[in-house]
Structures are given as C-alpha cells and as structure tokens.
1. Consider T393 carefully, then state whether it is touching a helix residue (DSSP H, G or I) at 6+ places or on another chain (Cβ under 6 Å), open to solvent by 20 Å² or more (accessible area, probe 1.4 Å) and over 26 Å from F67 (Cα atoms).
2. I need the full set of residues from the range 1-42 which are hydroxyl-bearing (S, T, Y) and modelled with pLDDT under 95, in order please.
3. Give the residue, chosen from A301, A318, A382, A334, that is touching a His at 6+ places or on another chain (Cβ under 6 Å) and under 18 Å from Y38 (Cα atoms).
4. For the range 83-94, does any single residue satisfy the condition of being within 17 Å of G247 (Cα to Cα), open to solvent by less than 10 Å² (accessible area, probe 1.4 Å) and part of a loop (DSSP other than H, G, I, E, B)?
5. Restrict the check to the range 264-273 and report whether at least one residue is touching a strand residue (DSSP E or B) at 6+ places or on another chain (Cβ under 8 Å), within 13 Å of the ligand (Cβ to nearest atom) and modelled with pLDDT of 95 or more.
6. What pairs come out if I take residues in the range 126-137 that are buried (at least 24 other Cβ atoms within 10 Å of the Cβ) and pair them with residues that are part of a loop (DSSP other than H, G, I, E, B) whose C-beta lies under 6 Å away, six or more apart or interchain?
7. Mind checking whether some residue in the range 227-237 is surrounded by fewer than 21 Cβ atoms within 10 Å (Cβ to Cβ), among the basic types (K, R), under 20 Å from P155 (Cβ atoms) and touching a residue at least 24 places away in the same chain (Cβ under 8 Å)?
8. Quick check on the range 53-91: of everything there that is free of Cβ contacts under 8 Å to residues at least 60 places away in the same chain and within 11 Å of the ligand (Cβ to nearest atom), which residue is farthest from D261 (Cα to Cα)?
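The values are calculated or read from the model by the stated rules, or taken from the named source; none is laboratory data. Here the structure is a predicted model, which is why all the values come from computation and not from measurement. Note: ideal-geometry Cβ built from the backbone for every residue, glycine included; neighbour counts use all protein chains shown. Only protein heavy atoms, including side chains, enter the accessible area calculation; ligands, DNA and RNA are left aside. Shrake-Rupley method; radii C 1.70, N 1.55, O 1.52, S 1.80 Å.
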Amino acid sequence: MNHLPYLQGFSVKNNEWFVEDVSLSSVAEQFGTPCYVYSHHALTQAFMAYEAACLRPDGSRRARVHFAMKSNSNLAILDVFAKLGAGFDLVSGGELERVIAAGANPHLCVFSGVGKSIAEITRALEVGVKCFNVESIPELDRINYVAQHLNRIAPISLRVNPDVDAKTHPYISTGLKDNKFGVAYESVLSTYEAAKTMTHCKIIGIDCHIGSQILDIQPFLDALDRILLLIAELSKRSIHIEHLDLGGGLGIDYEGEVTPDITEFANTLLNHIEHKGFGYLDVIFEPGRSLVGNAGVLMTAVEYLKPTSSKNFCIVDAAMNDLMRPAMYEAFHAIVPVKNKLLPTHNYDVVGPVCESGDWLGKNRDLAIESGDLLLILSAGAYGSAMSSHYNTRPKVPEVMVKGHQTFLIRERETPQHLFALERRLPEHLD
Ligand SMILES: *Cc1c(COP(=O)(O)O)cnc(C)c1O
C-alpha cells in the first residue's frame, strides 16, 4: 500500500491531484517535467503553527522561528518566510548571500556550521548577523581575530552537544558524543570561560541541534534540561545568556510516522522553560523540514515500463540527482499518479535514468500507470531541490509555487549549456 502523508495545499478532486486551485497536469503542461511544485498555503500554515506558540496572547514574543534555509533555499521560499517575520539559520557564506538577496534582515540570521572560513566570518560581521553559533575554541579564536581586525564585536553562542540520542537515522543524528557537531557537554563551561576572555566576542546565547526527522519530544526535553543546567551554572559565573536556540529537527509524516503537532511541540518546550524559571530567555527554533517538507512535491513523467524476470521497473524522467534522499538515506517518499486511471495495478521499483543502481526513488510501489503518465513524489519540499546535483550533466529542474489559482515560476529549468558555461577547453596547440 502507498501511504499518503497528511498534506495541506495538495488534494485530489475528481480523481486528479491539485495544488491549491491548480491541477498538477496543467502545471506539467506549462513547465514540463521533472518539476518541483510548492504550495504557498502549506508553507504559511506550517509557519503559523509555530507562530501560534511563539506569540503570547498580548502579542509579545516569547520565541522566534529562524528557518533552517539549508532545507530549501529558493529565494521565493525565503521571501515567504521573511514576510511572515521569520529569521534564518544559515550554514555558509553562500546562504548568507541568498538570504540577503531574498530581502531578509541579516540581524535576524544566526550563522551555524563547524567550518566557518575567514571570508565567511568577515562578510557575516560586515552585514551584522544576529549571532555566530560557535562549535570550537579554534573557531572562537578565529572569530575574535577577524572581529578585532574589523573593529567589531562578534555576538556569539556556543553550540552544545548535549549527548542525547534522538533515535533518528545515524546520518542525520547530530547530538551524540561521537558526532562532529558542537562543544562536548563537559567542556561547555570552560569554553564559555575562554570566550569571556576574548576581547572582540560578546557572549549572548547558547544553542543545540540534536538531529533531524525526530518523532518524539522527549529527546528535545532531555537536551533542554541539560542546557538549562548549564545556563544556571553560567549565571553563577557571571556569564549571562540572553537567548536559547533549540535548533530544528522536528520530523514529518513521510510514511505514516506519528509526529507531534507543531504548536503543541513548541508550546511544550516553551512552557517547560517558563516553569523552570527561565521565562526571561528569548527562545529560537530553527525548523527546516517541518516547515517545507510536506509543502512540496517532485512531479515526474513515466518514460518506460520495463518488466524483467524478477521485477517491474517504472523508469521516470526524475532521478537521484533531482531528489537524493532515497539513494542517500534509503528514505521513503510516497508516490502517486497525478490522475487515477482504471488500469490494472502492478508492483514497480520507480527508478531514474542515471547510471547508478542506487538511482531509485521508490521501491515496491503498487501503481496503476502507463508510459507518459505523471507521478508525484510527495513530501519532497525539504532536502529535495536543495540537495540536487548535476550528476550525468542533468540540468536542474524548474521550481513552481502555487498560491490559490496563481502559478509562479520560482526557478527556471537549466539548460546543458548552463552546466558547462564555466568550463574551459585546453589551448589548441599544446605540446
Ligand atoms: C539542519 C539544521 C537545522 C534544521 O533541521 P530540520 O531537521 O530540517 O528541522 C537546524 N539547525 C541546524 C544547526 C541544522 O544544522
């Protein structure tokens, strides 16, 4: 059986899939396949679900969402969230340029990542990011050095590795002792002491991020308790923390996972902070997947149906370079035909044209299809287009956003010429 995740913005009307008021087949006619399609409504609803917990009844703010833009960094997506009042969590100089290009306020950006270069730190200080989320003493030294050089004060937070098991896929778990991420829990106090001595760093926060696609609130509460202990201890040492950044990681429904309701999840954490006497802290959430994952689909067309002695293959025009998650994590994405047809159902492995056996998008799917039909690969809004590559010289696919009955092309389809435009042949006469 094909599990269908709960989707906002996408629905079936008269045996045919729609995104808001627009049929997916008309999107395919206009923009071709493969193609990513997002629902403006779904993006907004997911954001507002966080916001419902972040705002007090009197309108004052107890927390702010900083969208983890690595999950989907298209300018139009950033623009939607910026207009709703989001901040951003970014992990590279490239993402910093994107967020500025999208018109967002750099003062609402936190800069995460284990390997910030001198150039990235320089640019972030020049535009004035809200905070550097720092992961080591050498990185603190470097930030201090660059800030001194520019005659600025760098606002910093330390990313704590709380050593809790988020019980998610090993590749996307980040809060365990042996991960490369964060400052080891037992070294956090001494690292803050070191930061305090740095002339051009100002300690303003503390942060953590324990992993991704986490389905249970308990690991978040465990991490939170361990961090509140640190904040209390730091305060005794006259190190005053203003903001607490809880990272992202809330999971979504891909194949029937039961996920915490977003508002309830955020409220539980915020209430816990208040009950423990830390209500004075500004709290930051850094969700990625839970804001965009189920707001987007990858639409693809069936090229060939290929029965073999052991298996039926459904060969489509999208591939692992367009959506890496199945090949990389063996991730499940529900796959549905855009139009329900009265055809016999067969069991297929849905695969792409790339020359790798790992190039599959879904295995053992019962589908009633024929060649030429359109399929939707659901839950593809997060870590879909953002992780796509040009492998096999496959141009990146267009991205489309739908709002009501309006359709916007938010990324054009690339041509092969785009892909080798920066390459150069060797000179004619070369000995
Ligand atoms: C990836 C990442 C996030 C977002 O994770 P999701 O699982 O997509 O919510 C947030 N913060 C940091 C530091 C990250 O690296």
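1. Numbers: touching a helix residue (DSSP H, G or I) at 6+ places or on another chain (Cβ under 6 Å): yes; open to solvent by 20 Å² or more (accessible area, probe 1.4 Å): yes; over 26 Å from F67 (Cα atoms): yes.
Against the criterion (touching a helix residue (DSSP H, G or I) at 6+ places or on another chain (Cβ under 6 Å), open to solvent by 20 Å² or more (accessible area, probe 1.4 Å) and over 26 Å from F67 (Cα atoms)), T393 qualifies.
2. Of all residues in the range 1-42, those hydroxyl-bearing (S, T, Y) come to 6, 11, 23, 25-26, 33, 36, 38-39.
The one that is hydroxyl-bearing (S, T, Y) and modelled with pLDDT under 95: Y6.
3. Numbers: A301 fails: touching a His at 6+ places or on another chain (Cβ under 6 Å); A318 fails: touching a His at 6+ places or on another chain (Cβ under 6 Å); A382 fails: touching a His at 6+ places or on another chain (Cβ under 6 Å).
Result: A334 is the single residue among A301, A318, A382, A334 that is touching a His at 6+ places or on another chain (Cβ under 6 Å) and under 18 Å from Y38 (Cα atoms).
4. Among the residues of the range 83-94, at least one is within 17 Å of G247 (Cα to Cα), open to solvent by less than 10 Å² (accessible area, probe 1.4 Å) and part of a loop (DSSP other than H, G, I, E, B), which makes the answer yes.
5. To start, the set of residues in the range 264-273 that are touching a strand residue (DSSP E or B) at 6+ places or on another chain (Cβ under 8 Å) comprises 265-266, 269-270, 273.
Imposing the further condition that a residue be within 13 Å of the ligand (Cβ to nearest atom) reduces the set to 265-266.
So of that shortlist, the ones also modelled with pLDDT of 95 or more come out as 265-266.
Taking every residue of the range 264-273 in turn, at least one turns out to be touching a strand residue (DSSP E or B) at 6+ places or on another chain (Cβ under 8 Å), within 13 Å of the ligand (Cβ to nearest atom) and modelled with pLDDT of 95 or more.
6. Once the first residue is buried (at least 24 other Cβ atoms within 10 Å of the Cβ) and sits in the range 126-137, its partners that are part of a loop (DSSP other than H, G, I, E, B) give N133/S112.
7. There is at least one residue in the range 227-237 that is surrounded by fewer than 21 Cβ atoms within 10 Å (Cβ to Cβ), among the basic types (K, R), under 20 Å from P155 (Cβ atoms) and touching a residue at least 24 places away in the same chain (Cβ under 8 Å).
8. Here the residue is V91.
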